[in-house]
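Rule-based calculations on the coordinates, nothing more; no lab input. Just so we're clear, the structure is a prediction, and the values are computed from it rather than from any experiment. Every residue, glycine among them, receives a Cβ derived from its backbone with ideal geometry; neighbour counts consider all protein chains shown.
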Amino acid sequence: MGISNIIFIILFIGAVVWFAFNVKKIISNIQLGRKVDRSDNTGLRWKTMIKVALGQSKMTARPVAGLLHIVVYAGFVIINLEMLEIVIDGISGSHRVFEPLLGGLYSAFINVFELLALGVLIGCVIFFIRRNILRIPRFHKAEMKTWPKSDANIILVIEILLMTAFLTMNAADTNTSGNFLVSSGLKGFLPIDENSLYLIERSCWWFHILGVLGFLNYLPYSKHFHILLAFPATYYSNLLPKGQFTNMHAVTNEVKLMFDPNADPYAAAPEPDPNAEVVRFGAKEVNDLTWKNLMDSYSCTECGRCSSECPANQTGKLLSPRKIMMDTRDRLEEFGANKGVDDGKSLLHDYITTEELRACTTCNACTQACPINLDPLSIIMEMRRYLIMEESNAPQEWNGMATNIENNGAPWQFAQADRLNWATEE
């Protein structure tokens, strides 16, 4: 075993350990959320995950971007199957260890990988042009400044460089029997002496493996962590009909008690359990949300489809469902780093404003548009619930409507006995 193999092993183990550490931190943050049962209907959940996450069925709602994304996604994932060979070569000191084992099939596999690499390269270049030159509006909203903008471009550049290195490595490799489809066209741009070709091939080999390991450890800090989280996010997605909201058990029990003819309205309330969890109506902080809400915040692709479909956002209101997800993730990172210790800030008011929440029409356009079934609306509604039930913070018009519903059975200020008067008027 040579010094290069030892260096490779150290770097590989270090990258995997650091990635595992960051993933564990994210899992710990997600577990700060309240419990919610998503273990029902496993058959439908598997079907949803395969269709939406693996099959990317919702991406094709916008055909051009959808097709390009499928090419880039499939190409990048399949090409990295070659990482198995690279890792074995790096550890053992071999060179293209699978070539003698697979014979002629090896060239066929590499040709497929190269065609996919070319597709990824073209797709990423087009995405870069759309984002930075054509300036598609949803990529340039207020929340997409500074880091979010840089993050997207960094990923595109990394993928372009990795695919270029992969093809150049194959073109410079004189120790293989293959004459590969795409990389053979690059040989005319390379020197002809073997020493130079060997240096280029080894440089590209190291750049490719270090780039992939670096990309792996960049994911937990990037919106592209959805590459991994899209699968559990879609599996645990909400299967209830859109528009069906959750009820709080405490409120439901109170309502049932009101309608129970056997209940004693004068009975003394039971002694509170000192060990019981304090029930908060709605959500003020990230740990008031469910673990699925918090997983969604880490899964957000920041594609902006939710915000571009949001009627409030389209009419110039402050609400952006994408920003809701991004703010939740940013606050969760801060909250987790502080280990839940009060720092004088909260998700509601410090990150997400009352004006944003009130702009929501609960139309579910954002949840329908999300390519991986995330649910910004549930986060919005939990915070609105807190505003109204904990802070009594609602517009006068909302309070009037609620009072009318309670007294008259309808949002309008008419007695129930007069509700059909319109039908008798001449």
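Tabulated data
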item: Between helix 226-235 and the chain: long-axis angle, C-alpha atoms, 0 to 90°, nearest 10; result: 40 degrees
item: Around Ala117: net Lys/Arg minus Asp/Glu count, Cβ-Cβ under 13 Å; result: -3
item: Test item: Cα-centred dipole of the chain, Lys/Arg +1 and Asp/Glu -1 on Cβ, debye; result: 1020 debye
item: Furthest towards positive pole of dipole, Cys124, Leu289, Leu181, structure part the chain, Cβ charges; result: Leu181
item: Theoretical gain in end-to-end length, Thr164 to His95 [0.36 nm per residue, Cα-Cα removed]; result: 22.8 nm
item: Dipole in debye (nearest 20) - the stretch 23-73, about Cα centre, beta carbon charges: Lys, Arg +1; Asp, Glu -1; result: 140 debye
item: Surrounding net charge for Ser237, when Lys and Arg each add one and Asp and Glu each subtract one, Cβ distance under 13 Å; result: +4
item: Degrees separating the helix 63-79 axis from the principal Cα axis of the chain, which is the longest one; result: 50 degrees
item: Among Tyr386, Thr403, Asn421 the positive-end extreme of the charge dipole of the stretch 371-426 (Cβ point charges); result: Tyr386
item: Restraint check, Lys256/Lys292; Lys145/Lys339; Lys58/Lys145; Lys51/Lys256; Lys141/Lys284, Cα-Cα greater than 32 Å; result: Lys51/Lys256
item: Orphan Cys of the chain, criterion: no other Cys C-beta under 4.7 Å; result: Cys124, Cys204, Cys300, Cys303, Cys310, Cys360, Cys363, Cys370
item: Leu257 paired with Asn421, simple spin-label distance in nm, labels 7 Å along Cα-to-beta-carbon; result: 3.8 nm
item: More than 17 angstrom apart: percent of Cα pairs within the stretch 102-205; result: 60 percent
item: Computed E for Ala20/Glu271 - FRET, C-beta separation, R0 45 angstrom, nearest 0.05; result: 0.45
item: Per-selection Rg to Rh, the stretch 1-108 - Cα, Kirkwood hydrodynamic radius; result: 1.10
item: Model label zone, Lys141; criterion: amide N under 19 Å from point 7 Å along Cα-to-beta-carbon; scope the stretch 337-360; result: 348-360
item: Extension gain (nm, one decimal) between Leu239 and Ser392, 0.36 nm per residue minus Cα-Cα; result: 52.0 nm
item: FRET efficiency, 1/(1 + (r/R0)^6) with R0 51 Å, evaluated for Asn132 and Ile3 via beta carbons; result: 0.75
item: Cα-based Rg and Dmax for the stretch 57-140, where Dmax is the largest Cα-Cα distance (Å); result: 17.0, 51
item: Of Asn247, Tyr218, His208, farthest towards positive along the dipole that unit charges on Lys, Arg, Asp, Glu beta carbons give the stretch 208-308; result: His208
item: Average Cα contact separation per residue, the chain, under 8 Å, 6 or more apart, as relative contact order %; result: 19 percent
item: Compactness relative to 2.2 N^0.38 Å, alpha carbon Rg of the chain; result: 1.26
item: Residues with amide H under 5 Å from that of Thr290, placed H, sequence gap 5 or more; result: Arg34
item: Using alpha-carbon coordinates, inclination of helix 104-132 to the longest axis of the chain, degrees; result: 50 degrees
item: Protection proxy ranking, peptides 42-53, 345-356, average beta carbon neighbours within 10 Å, highest first; result: 345-356, 42-53
item: Charge dipole magnitude, Cβ of K and R +1, D and E -1 - the stretch 140-280, Cα centre, debye nearest 20; result: 580 debye
item: Summed residue charge, Cβ within 10 Å of Asp296's Cβ, Lys/Arg positive, Asp/Glu negative; result: +1
